[in-house]
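Reviewing the structure listed below.
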Amino acid sequence: MRPAACSWGLGLLLAAAQLSRQQPPQQRPAFTCGGILSGESGFIGSEGFPGVYPPNSKCTWKITVPEGKVVVLSFRYIDLESDNLCRYDFVDVYNGHANGQRLGRFCGTFKPGALVANGNKMLVQMISDANTAGNGFIAMFSAAEPHERGDQYCGGRLDKPSGSFKTPNWPDRDYPAGVTCSWHIVAPKNQVIELKFEKFDVERDNYCRYDFVAVFNGGEINDAKRIGKYCGDSPPAPIISERNELLIQFLSDLSLTADGFIGHYKFRAKKLPTTTAPATTTPPATATLKPTVALCQQKCRRNGTLESNYCSSNFVITGTVITAVTRGGSLHATISIINVYKEGNLAIQQAGKNMSAKIIVVCKQCPLIKRGLNYIIMGQLEEDGRGKVLPNNFIMSFKTKNQKILNILKNKRC
């Protein structure tokens with residue numbers, strides 16, 4: 001069973017007690033907004049910690065450990081305004097002091113595992129908006145040997161033409177709890193990266209909220225560029241990068257663990273666009289944003305089946321329509337999520353145990369959805385993560401009997 005939310009109050013007391021033990025009364029730090037720190041180890045914390053952090057602030061800490069070592073950052077406590085995409089109050093951690101790879105963005109109350117820089121410098125930045133909620137964070141930095149491999153160290157830069165990456169302890173025993181790993185794969189400019197998982201076993205959850213692997217196009221953790229988020233015991237389908245960089249993030253929380261995974265990558269030539277393709281093609285469904293007359297006068301008739309529409313859809317969810325507002329010929333709806341079967345980069349909001357997503361039915365009458373009813377919704381996605389449903393997308397009333405086929409489809413490789 002996972003710890004109750006109230007355990008974070010105990011976590012704050014433990015963090016403060018540990019800091020008190022490690023710092024004599026006359027040396028206990030008064031945490032300010034940012035700073036420059038150096039040495040073998042030390043603490044950083046949000047302004048005024050353990051008091052509530054101030055609004056509308058941007059604080060930057062530059063950490064340097066001795067030459068030849070790497071920086072290891074371990075969060076002892078974190079309590080920031082919670083948001084699924086960490087858009088409001090958050091802590092960013094970067095390699096180096098300027099223009100470095102982002103190792104992670106954190107908010108809410110989930111404490112990540114140890115973060116390891118590639119060198120002896122790390123930058124930590126905390127940003128808060130006008131509305132704050134929480135006691136902030138405290139973290140300890142320390143110096144470690146650059147190639148040390150223990151339960152909490154993993155990740156790094158991979159730039160050879162082929163290679164492998166795996167969870168700590170693989171294959172001898174389960175991966176440890178409280179780990180954050182980031183592998184940054186960089187190919188030459190004219191090549192792309194092909195990624196395959198050979199074995200895969202990560203704690204299962206319908207929304208991959210606890211332990212997960214996330215893969216991103218580019219060199220930083222950015223939800224707009226996320227290719228997928230994976231957990232469970234079915235290996236993800238092979239992945240090919242858009243350009244010459246991929247970032248793989250593995251995160252385990254402080255509870256259950258599993259066997260872990262091993263994956264392989266290789267560089268390959270980027271395919272050039274063919275010149276023999278027809279000059280005129282039908283634009284994909286995702287290109288249509290406005291409820292045009294030609295689009296919305298189509299007969300509103302559902303085509304195909306759950307199975308035939310699954311792979312062509314960017315996202316597949318079941319949920320209850322809790323709001324439905326007409327704007328400019330389209331219907332803007334908020335869906336209280338029952339289950340997610342295919343997420344893509346769908347922007348999912350979480351408040352406690354309740355999860356929701358916003359979708360736009362481009363033509364308000366087709367397909368027709370009504371507030372208070374349950375639906376299976378298959379649709380497309382905008383770059384900002386909004387769900388979009390066109391007349392040719394598949395929506396149907398959700399019944400309990402549909403659950404079995406949806407669970408089968410969830411493991412289907414498209």
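The values are calculated or read from the model by the stated rules, or taken from the named source; none is laboratory data. Everything quoted here is computed from the prediction, not taken from an experiment. Counting neighbours? That spans all protein chains shown, and the Cβs are built from the backbone with ideal geometry, glycine included.
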Item to complete: Please indicate, with yes or no, whether at least one residue in the range 341-353 is at pLDDT 85 or above and within 24 Å of Asn411 (Cα to Cα).
Response: yes
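Residue-wise test of (1) closer than 25 Å to Asp92 by Cβ; (2) buried (at least 17 other Cβ atoms within 10 Å of the Cβ); (3) of a type in the set (S, T, N, Q); (4) not assigned by TED's automatic domain parsing to the domain that holds Asp253.
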residue	(1), (2), (3), (4)
Phe165	yes, yes, no, no
Pro171	no, no, no, no
Pro176	yes, yes, no, no
Val179	yes, yes, no, no
Phe197	no, yes, no, no
Glu203	no, yes, no, no
Asn206	no, no, yes, no
Tyr210	yes, yes, no, no
Worksheet item: Which one of the conditions (1) assigned to a loop (DSSP other than H, G, I, E, B); (2) within 19 Å of Phe106 (Cα to Cα) does Ser182 fail to meet, given that it meets all the rest?
Response: (1)
Worksheet entry | Test for Lys412: is it free of Cβ contacts under 8 Å to residues at least 60 places away in the same chain, surrounded by fewer than 15 Cβ atoms within 10 Å (Cβ to Cβ) and either outside any strand (DSSP E or B) or aliphatic (A, V, I, L, M) (or both) | no
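Listed here are the residues, each with its yes/no results for (1) of a type in the set (Phe, Trp, Tyr); (2) at pLDDT below 80; (3) touching a Ser or Thr at 6+ places or on another chain (Cβ under 7 Å); (4) within 22 Å of Cys181 (Cβ to Cβ).
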{"position": "Arg21", "(1), (2), (3), (4)": "no, yes, no, no"}
{"position": "Gly35", "(1), (2), (3), (4)": "no, no, no, no"}
{"position": "Gly39", "(1), (2), (3), (4)": "no, no, no, no"}
{"position": "Gly42", "(1), (2), (3), (4)": "no, no, no, no"}
{"position": "Ser57", "(1), (2), (3), (4)": "no, no, yes, no"}
{"position": "Lys62", "(1), (2), (3), (4)": "no, no, no, no"}
{"position": "Ser74", "(1), (2), (3), (4)": "no, no, no, yes"}
{"position": "Gly96", "(1), (2), (3), (4)": "no, no, no, yes"}
{"position": "Ala114", "(1), (2), (3), (4)": "no, yes, yes, yes"}
Discussion item. Which count do you get for residues in the range 354-388 that are more than 29 Å from Glu81 (Cβ to Cβ), surrounded by 17 or more Cβ atoms within 10 Å (Cβ to Cβ) and at pLDDT below 85?
Written reply: 1
Discussion item. Can you name every one of the strands (runs of 3 or more DSSP E) wholly within the range 76-129 that holds 3 or more residues which are crowded, with 22+ Cβ neighbours inside 10 Å, β-branched (Val, Ile, Thr) and over 16 Å from the mean Cα position of the chain (by Cα)?
Written reply: none
Practice prompt. Kindly indicate whether any position in the range 299-312 is surrounded by fewer than 16 Cβ atoms within 10 Å (Cβ to Cβ), over 24 Å from the mean Cα position of the chain (by Cα) and closer than 28 Å to Val213 by Cβ.
Written response: yes
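Select from the range 352-381 the residues that are over 18 Å from Phe394 (Cβ atoms), among the small types (Gly, Ala, Ser) and in contact (Cβ under 8 Å) with a residue 12 or more places away in the chain and list them in ascending order.
Ser356, Gly372
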